[in-house]
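A short write-up of the structure that comes next.
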Amino acid sequence: DHRPFDETVEEFVRIVKESVEQRGKILVPTFAVGRAQLLTGLLAWMFRNKKVRPFPIFLDSPMAIEATNIYARHRELFDEGMTKFIAERPLKADLKTMKMCVSSEDSRAINDVPGPCLVMAGAGMCNAGRILHHLKQNLWKPETHVMIVGYQGRGSLGRQLVEGEKLVSIHGEKIAVKAKVHTLGGFSAHAGQTDLLHWFSALASSKPRVVLTHGEDEPRTALAELIRKQFKLTPTLPGMGDVVEL
């Protein structure tokens, strides 16, 4: 199960405040759809409620910028809380210090911006994209904070940072990791174990064939065991390259 959302927000606020006091850069590897917009909304909420004084924010992802524009065009899909929040005051009024970085020149210019500032850039697992350049420029600085706000696949640079590697390779160059790395698991957009079991309970009485294909082996095995115990069904856990006939 993921950490509760409210607790994750509290941690997010604490890290932002700490970094601002240290005048460091906050680097956030960000998935372009969903996570970027969630964090943008949280920062607007922090500024509006004076949790921290406004400071520069950079959305350094052309895809995330386009996705954000789509969100803005479809406010009828927002939940009640978000609808009320933007009715009180437009987000733009809270985010006057936010810059959308479309061009590579905009992205490179962030290197010259002193802290405190926050940079959201793809890719979300640090396996490509503009975030690599920001990490290369800042990982070796003790005042830098890196916030991991999404799942990091095995073998990705993001996973290495989560697991505490002290030396990583970016563009073929060895970079010392002296930045503070924070893992905030509660922002996940995916269902956790309890939610998955609740969803599956509506199907279980029909005794379906269960194939668990998505996820790492340890949590996948744990979920399979719970399905066996609760629903008396034995899931199949195929490996890479296995064939399942339906």
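What the table below lists for this structure:
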{"item": "Surface accessible to a 1.4 Å probe, per residue, for the residues of the chain, Å²", "result": "58"}
{"item": "Identified option (computed percent of Cα pairs over 31 Å apart; candidates (1) 33; (2) 17; (3) 22)", "result": "(1)"}
{"item": "In sequence order, calculated HN-Hα J values of the stretch 156-162 (Karplus, 6.51, -1.76, 1.60; Hz; x Gly/Pro)", "result": "7, 4, x, 5, 4, 5, 4"}
{"item": "Of 25/92; 136/174; 17/174; 51/136, pairs whose Cα-Cα distance is over 20 Å", "result": "25/92; 17/174; 51/136"}
{"item": "P(r) histogram, all alpha-carbon pairs of the stretch 1-99 included - 10 Å bins from 0, percent", "result": "13, 47, 36, 4"}
{"item": "Charge dipole (debye, nearest 20) of the chain; +1 at Cβ of Lys and Arg, -1 at Cβ of Asp and Glu", "result": "500"}
{"item": "Ellipticity estimate at 222 nm from DSSP helix runs (n ≥ 4, -39,500 (n - 2.57)) divided over the chain, nearest 500", "result": "-12500 deg cm²/dmol"}
{"item": "Portion, in percent, of the accessible area of the stretch 134-246 that falls on carbon or sulfur, probe 1.4 Å", "result": "54"}
{"item": "Charged-residue dipole, Cβ positions (Lys, Arg, Asp, Glu), the stretch 114-246 about Cα centre, Debye nearest 20", "result": "160"}
{"item": "Pairs of alpha carbons in the stretch 107-240 whose separation is greater than 19 Å (percent)", "result": "59"}
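The values are calculated or read from the model by the stated rules, or taken from the named source; none is laboratory data. Keep in mind it's a predicted model, so treat the numbers as computed, not measured. Please note: Cβ atoms are built from the backbone with ideal geometry, for glycine as well, and neighbour counts cover all protein chains shown. All accessible areas refer to the heavy atoms of the entire protein, side chains included, with ligands and DNA or RNA removed. Shrake-Rupley method; radii C 1.70, N 1.55, O 1.52, S 1.80 Å.
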